[in-house]
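The values are calculated or read from the model by the stated rules, or taken from the named source; none is laboratory data. What you are looking at is a predicted structure, and each value in this text was computed from that prediction instead of being measured. Glycine gets a Cβ as well: all are built from the backbone with ideal geometry, and neighbour counts include every protein chain shown.
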Amino acid sequence: MQADIYFRTGELGHWIGEEQWGKGIMSKVVPAMVGWCWRTFGVLVRISAEVREDNLASQKLLKKAGFQYEGLRPDLICRNGVLAAGLMFGALRSR
């Protein structure tokens, strides 16, 4: 989590090793982290996150944690030398 108290925004990033995929670990961690951010950084009004276009599990995870899809950014994320589009998600304190 990276927070900017002057702009009142935060950015959430998450990653887990492939051998841990599908175990439900991040489905517990991400909502807990979002809740912690709202409580710890009382001035924040928005948290954003970006995921690869082909990472359906992370998209579902963010939606379950209260994030909404906001848009697509071409060639945003590079993994193993391959560029992929990134999907932008955002969560507002008021929702």
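A few points about this structure:
- Qualifying residue in segment 28-46 (condition: of a type in the set (Ser, Thr, Tyr) and at pLDDT 95 or above): no
- Within segment 34-45, residues that are assigned to a loop (DSSP other than H, G, I, E, B) reach partners that are surrounded by 12 or more Cβ atoms within 10 Å (Cβ to Cβ) with beta carbons closer than 6 Å, at six or more positions or on different chains, in the pairs PHE41/ALA3; VAL43/ARG8; LEU44/ARG8; LEU44/GLY10; VAL45/ARG8; VAL45/ARG93.
- Here LEU61, LEU44, LEU76, LEU87 are screened, and the one residue that is crowded, with 16+ Cβ neighbours inside 10 Å and in contact with a helix residue (DSSP H, G or I) (Cβ under 6 Å, 6 or more places away or on another chain) is LEU61.
- Residue pairs meeting the criteria (Cβ under 8 Å; at least 6 apart or on separate chains; first of a type in the set (Asp, Glu), in segment 71-92; second assigned to a strand (DSSP E or B)): ASP75/LEU83; ASP75/ALA84; ASP75/ALA85
- Subset of segment 46-60 (residues that are touching a residue at least 40 places away in the same chain (Cβ under 8 Å) and out of contact with any Asp or Glu (no Cβ under 9 Å at 6 or more places or on another chain)): ARG46, SER58
- When residues of segment 47-58 are limited to those that are of a type in the set (D, E, K, R) and closer than 13 Å to TRP15 by Cβ, the one surrounded by the most Cβ atoms within 10 Å (Cβ to Cβ): GLU50
- The listed residue being under 20 Å from ARG79 (Cα atoms), among the small types (Gly, Ala, Ser) and not in a helix (DSSP H, G or I), out of ALA57, ALA49: ALA49
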